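Undergrad: The structure is given below, and queries will be raised subsequently.
Since every read-out is calculated from the coordinates, none of them should be taken as a lab result. Being a predicted model, the structure only gives us computed values, none of them experimental. In this analysis, Cβ positions are derived from the backbone assuming ideal geometry, glycine residues included, and neighbour counts consider all displayed protein chains.
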Amino acid sequence: MKTTHHRSISLSNHRSSWRLWGTWILVTTIAQVIGMSLTAVISAANYHLASTHLNATVFLIGALKGLCLGFFQWLVLRRYLQHSLWWIAATIVGASLAWLLIVSAILIVAILDASTIYHMPHRLYLQGVALFGLGAGAILGVGKMTDEF
């Protein structure tokens with residue numbers, strides 16, 4: 001039986017902690033760029049095909065973004081955590097739920113006041129994007145909370 005030793009995440013070694021966080025930020029950024037590119041491609045295809053399956057499309061986007069983000073983060077975490085493959089699954093579930101819930105909220109606002117969505121001030125738009133990020137981050141974080149890590 002093969003035993004695997006995992007390094008514990010410790011902030012006692014200053015250089016190692018900066019390397020860990022630097023790598024984490026780099027892989028998360030790469031994953032987000034790839035994930036947003038996939039989102040753009042899927043959204044464009046959905047628009048051109050005049051698809052009426054919005055919920056399935058939004059779920060697919062969330063799942064793909066979660067897979068991309070979870071996989072790249074797992075590349076860093078696998079050295080430090082036992083059972084780290086669960087990180088990918090939790091990220092897929094969290095991202096899918098985040099996209100479904102937040103896009104649903106955006107659609108409700110758009111339906112309630114369709115005229116303002118096209119004339120929205122940039123400040124309000126940026127606030128919406130920030131809230132989306134906070135909401136998605138919160139949902140992803142809750143999805144990853146487990147005692148096994």
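Undergrad: Report the net charge of residues surrounding Phe71, where surrounding means a beta-carbon distance below 13 angstrom and charges are Lys +1, Arg +1, Asp -1, Glu -1.
TA: +2
Undergrad: Let me check I've understood the local charge: for Val27, count other residues with C-beta under 13 angstrom from its C-beta, Lys and Arg +1, Asp and Glu -1. What total comes out? Let's see the in-between values first.
TA: On the way: positive: Arg19, Arg78, Arg79; negative: none.
Counting the neighbours of Val27, the net charge comes to +3.
Undergrad: Kindly put Val33, Val93 in sequence by how many other C-beta atoms sit within 10 Å of each C-beta, fewest to most.
TA: Values: Val33 11, Val93 18.
Final ranking by Cβ density, sparse to dense: Val33, Val93.
Undergrad: Determine ³J(HN,Hα), in whole Hz, for all residues of region 28-35 in sequence, where each value follows from phi through the Karplus function 6.51 cos²θ - 1.76 cosθ + 1.60 and θ = phi - 60°; x replaces Gly and Pro.
TA: So the J values, rounded to whole Hz, are 5, 5, 4, 4, 5, 5, 5, x.
Undergrad: Still on this structure, please answer the following. Any idea how far apart Leu131 and Ala56 come out in nm if each label point goes 7 Å out from Cα toward Cβ?
TA: The answer from the label model is 3.1 nm.
Undergrad: Could you give the length gained by full extension between Leu100 and Val41, i.e. 0.36 nm per residue of separation minus their alpha carbon distance, to one decimal place? Intermediate values should be presented prior to the final figure.
TA: Numbers: separation 59, 0.36 × 59 = 21.24 nm, distance 1.81 nm.
Full extension from Leu100 to Val41 adds 19.4 nm.
Undergrad: May I ask you to sort Ile61, Ile88 by Cβ crowding, counting other Cβ atoms within 10 Å and putting the fewest first? Working shown, then result.
TA: Values: Ile61 24, Ile88 19.
With the fewest neighbours first, Ile61, Ile88 line up as Ile88, Ile61.
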